[in-house]
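Asker: Have a look at this one before I ask anything.
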Amino acid sequence: MFIKQTIDRTFYKNFNLKAVHFFHPCALMLSLALLTACSEPAIQKIEGHAQGTTYHISYWSKLPTDSQGIEKSIKDELQAIDKVLSNYRPDSTIEVFNSIENTQSQEVGAEIVELVRIARGVYQASQGCYDLTTKPLFNIWGFHGDNPAIPTQEKIANTLSLIGMDKLEVVDDTHLRKQQANIKVDLSSIAQGYSVGKLSRVLEQQGINDYLVEIGGELQTRGAKPDEQPWRIALERPLPGEQHMQKRLTMPKDSVMAVMTSGTYNHYFEHEGKRYSHIIDARTGWPIEHDLVSVTVITDNPTVADAWDTALLCLGQETGLKAANDANIPALFIQQQGTNLIETRSAALMALDKVIIE
């Protein structure tokens, strides 16, 4: 689901993002032969690896902060999220749920139930194109391994019998039930947005109101930089091998805003001259083939944005734009037609005056 995003004027490669912030020199004041220099608070940075990618956090405060304590809280939160949502560790809550093949109610906790509820709404709005139960499809296409390949149509048809969020029941705020015992849930299309929100709340609980939190190119901002300049984000051109800016976003200083992008060009394989994207339509079992190459959703809820960017990309330009307009989702669509990139904005994005898009 990821398309590389950049901060300020710095470009990033392979999600190894490093934010560079530019400060204006502090004015010097000379009064009664006394030279006094003022200084701005320094931006603190936390960086590392998590969820199969990198994360970068920039924050500052006018008040004293415990930077070591904040960094520990961030890492503890990432570990807690991993223990619940990771599809790559057998002891995570979601993988334990996947491994139990029965139709009895299972306790999975409030976090997973919340994500399933959000995803169910997007599943319904996308007419089943977006679906959390597509893990078996990713497995047969090889996108979870090192050797992706085209499966037979018979294998795809058989695997489709294992797919469908309508076979996953929310029992209550902490329990799920499989209506079909062999259903498997993959949260990767929504987990990074959720994680960005969780890390942002960790900072806010520490009294930090000015920050940029990014995981694998998915990000959220609040406030501004120490010099009162807004956070600025650059979206990279959604083409393989490109490292040029497509759009620049100036983020609001008075509110929280998330930027989530799904693209087709970062995770794909080619066979006999044809490209196969990792965005799989859950209704057909095949990767998408239309000319929509990226969708960016800009809203105040990173979890919702993360699900919707994948769903809209799956749907394609015409159907996706209609779905975004029906659901009031601020979205930027980019199609590739030959060598041209064509941009379209949803009605909600055109009405979104908090973010400047250039």
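Asker: Has segment 299-314 got any residue that is surrounded by 21 or more Cβ atoms within 10 Å (Cβ to Cβ), without any contact (Cβ under 8 Å) to a residue 60 or more places away in the chain and under 30 Å from Asn209 (Cβ atoms)?
Answerer: There is at least one residue in segment 299-314 that is surrounded by 21 or more Cβ atoms within 10 Å (Cβ to Cβ), without any contact (Cβ under 8 Å) to a residue 60 or more places away in the chain and under 30 Å from Asn209 (Cβ atoms).
Asker: Continuing with this model, one more query. Yes or no: Thr93 closer than 22 Å to Thr53 by Cβ, crowded, with 17+ Cβ neighbours inside 10 Å and in contact with a Gly (Cβ under 7 Å, 6 or more places away or on another chain)?
Answerer: Values: closer than 22 Å to Thr53 by Cβ: yes; crowded, with 17+ Cβ neighbours inside 10 Å: yes; in contact with a Gly (Cβ under 7 Å, 6 or more places away or on another chain): yes.
Yes: the conditions hold for Thr93.
Asker: Need the failing condition index for Asn87 against (1) under 21 Å from the mean Cα position of the chain (by Cα); (2) part of a helix (DSSP H, G or I); (3) of a type in the set (S, T, N, Q); (4) under 18 Å from Ile280 (Cα atoms), just the number.
Answerer: With (1) under 21 Å from the mean Cα position of the chain (by Cα); (2) part of a helix (DSSP H, G or I); (3) of a type in the set (S, T, N, Q); (4) under 18 Å from Ile280 (Cα atoms) applied to Asn87, the lone miss is (2).
Asker: A further question on this structure: Tell me whether segment 201-215 contains one or more residues that are under 16 Å from the mean Cα position of the chain (by Cα), buried (at least 24 other Cβ atoms within 10 Å of the Cβ) and assigned to a helix (DSSP H, G or I).
Answerer: Looking through segment 201-215, none of the residues is under 16 Å from the mean Cα position of the chain (by Cα), buried (at least 24 other Cβ atoms within 10 Å of the Cβ) and assigned to a helix (DSSP H, G or I).
Asker: Which of the residues that make up segment 111-135 are outside any helix (DSSP H, G or I) and in contact (Cβ under 8 Å) with a residue 60 or more places away in the chain? Before you say what the answer is, go through the steps one by one.
Answerer: Of the residues in segment 111-135, the ones outside any helix (DSSP H, G or I) are 126-134.
Across segment 111-135, the qualifying residues are Ser126, Gln127, Gly128, Cys129, Tyr130, Asp131, Thr133, Thr134.
Asker: Can you tell me which of Ser58, Ser105, Ser92, Ser126 is under 30 Å from Gln229 (Cα atoms) and hydroxyl-bearing (Ser, Thr, Tyr)?
Answerer: Matching residue, one of Ser58, Ser105, Ser92, Ser126: Ser58.
Asker: Condition check: aliphatic (A, V, I, L, M), farther than 30 Å from Gln205 by Cα, modelled with pLDDT under 95 and not in a loop (DSSP other than H, G, I, E, B). Does Ile150 satisfy that? Show your work before the answer.
Answerer: Numbers: aliphatic (A, V, I, L, M): yes; farther than 30 Å from Gln205 by Cα: yes; modelled with pLDDT under 95: yes; not in a loop (DSSP other than H, G, I, E, B): no.
When the stated conditions are applied, Ile150 does not pass them.
Every residue, every condition in (1) at pLDDT below 95; (2) surrounded by fewer than 23 Cβ atoms within 10 Å (Cβ to Cβ), yes or no:
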residue	(1), (2)
His278	yes, yes
Pro287	yes, yes
Pro330	no, no
Ile342	no, yes
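Asker: Something else now. If Phe138 satisfies all but one of (1) in contact with an Asp or Glu (Cβ under 9 Å, 6 or more places away or on another chain); (2) part of a helix (DSSP H, G or I); (3) modelled with pLDDT of 95 or more, what's the number of the condition it fails?
Answerer: Unmet condition: (3).
Asker: Quick check: anything in segment 98-110 crowded, with 17+ Cβ neighbours inside 10 Å, aliphatic (A, V, I, L, M), in contact with a strand residue (DSSP E or B) (Cβ under 8 Å, 6 or more places away or on another chain) and in contact (Cβ under 8 Å) with a residue 24 or more places away in the chain?
Answerer: Taking every residue of segment 98-110 in turn, at least one turns out to be crowded, with 17+ Cβ neighbours inside 10 Å, aliphatic (A, V, I, L, M), in contact with a strand residue (DSSP E or B) (Cβ under 8 Å, 6 or more places away or on another chain) and in contact (Cβ under 8 Å) with a residue 24 or more places away in the chain.
Asker: Evaluate segment 66-73: report whether one residue or more is among the β-branched types (Val, Ile, Thr), farther than 30 Å from Lys274 by Cα and not in a helix (DSSP H, G or I).
Answerer: Restricting attention to segment 66-73, the residues satisfying the condition of being among the β-branched types (Val, Ile, Thr) are 70.
Still in the running and farther than 30 Å from Lys274 by Cα: 70.
Those left that are additionally not in a helix (DSSP H, G or I): none.
No, that holds for no residue.
Asker: Same structure, new question: Going by what's in this entry, would Asp326 be described as over 20 Å from Gln127 (Cα atoms) and not in a strand (DSSP E or B)?
Answerer: no
Asker: While we're on this one: Please give the number of the condition Lys184 fails out of (1) in contact with a helix residue (DSSP H, G or I) (Cβ under 9 Å, 6 or more places away or on another chain); (2) basic (Lys, Arg); (3) over 14 Å from Trp286 (Cα atoms); (4) without any contact (Cβ under 8 Å) to a residue 60 or more places away in the chain.
Answerer: (4)
Asker: Checking the structure you have, find out if any residue of segment 134-143 is more than 21 Å from Phe269 (Cα to Cα) and buried (at least 20 other Cβ atoms within 10 Å of the Cβ). Outline the logic, then answer.
Answerer: First, pick out the residues of segment 134-143 that are more than 21 Å from Phe269 (Cα to Cα): none.
No, segment 134-143 contains no residue that is more than 21 Å from Phe269 (Cα to Cα) and buried (at least 20 other Cβ atoms within 10 Å of the Cβ).
Asker: Same structure again: Answer yes or no: is there a residue in segment 213-230 that is in contact with a strand residue (DSSP E or B) (Cβ under 8 Å, 6 or more places away or on another chain), over 27 Å from Val293 (Cβ atoms) and charged (D, E, K, R). Explain how you work it out, then say what you get.
Answerer: Of all residues in segment 213-230, those in contact with a strand residue (DSSP E or B) (Cβ under 8 Å, 6 or more places away or on another chain) come to 213-226, 230.
Now restrict to residues that are over 27 Å from Val293 (Cβ atoms): 222-226, 230.
So of that shortlist, the ones also charged (D, E, K, R) come out as 222, 225.
Among the residues of segment 213-230, at least one is in contact with a strand residue (DSSP E or B) (Cβ under 8 Å, 6 or more places away or on another chain), over 27 Å from Val293 (Cβ atoms) and charged (D, E, K, R), which makes the answer yes.
Asker: Name the single residue, out of those in segment 241-276 being of a type in the set (Asp, Glu) and outside any strand (DSSP E or B), that is surrounded by the fewest Cβ atoms within 10 Å (Cβ to Cβ).
Answerer: So the first thing to find is which residues in segment 241-276 are of a type in the set (Asp, Glu), and the list is 242, 254, 270, 272.
From what is left, the residues that are outside any strand (DSSP E or B) are 242, 254, 272.
Working: Glu242: 13, Asp254: 10, Glu272: 5.
Checked segment 241-276; the qualifying residue surrounded by the fewest Cβ atoms within 10 Å (Cβ to Cβ) is Glu272.
Asker: Oh, and also: In contact (Cβ under 8 Å) with a residue 40 or more places away in the chain and either assigned to a loop (DSSP other than H, G, I, E, B) or touching an Asp or Glu at 6+ places or on another chain (Cβ under 6 Å) (or both): does that describe Pro41?
Answerer: Details: in contact (Cβ under 8 Å) with a residue 40 or more places away in the chain: yes; either assigned to a loop (DSSP other than H, G, I, E, B) or touching an Asp or Glu at 6+ places or on another chain (Cβ under 6 Å) (or both): yes.
Judged against the criteria, Pro41 is a match.
The values are calculated or read from the model by the stated rules, or taken from the named source; none is laboratory data. The shown structure was predicted, so the numbers you read here are calculated from the model rather than taken from an experiment. Reconstructed Cβ throughout: ideal geometry from the backbone, glycine too, with neighbour counts over all protein chains shown.
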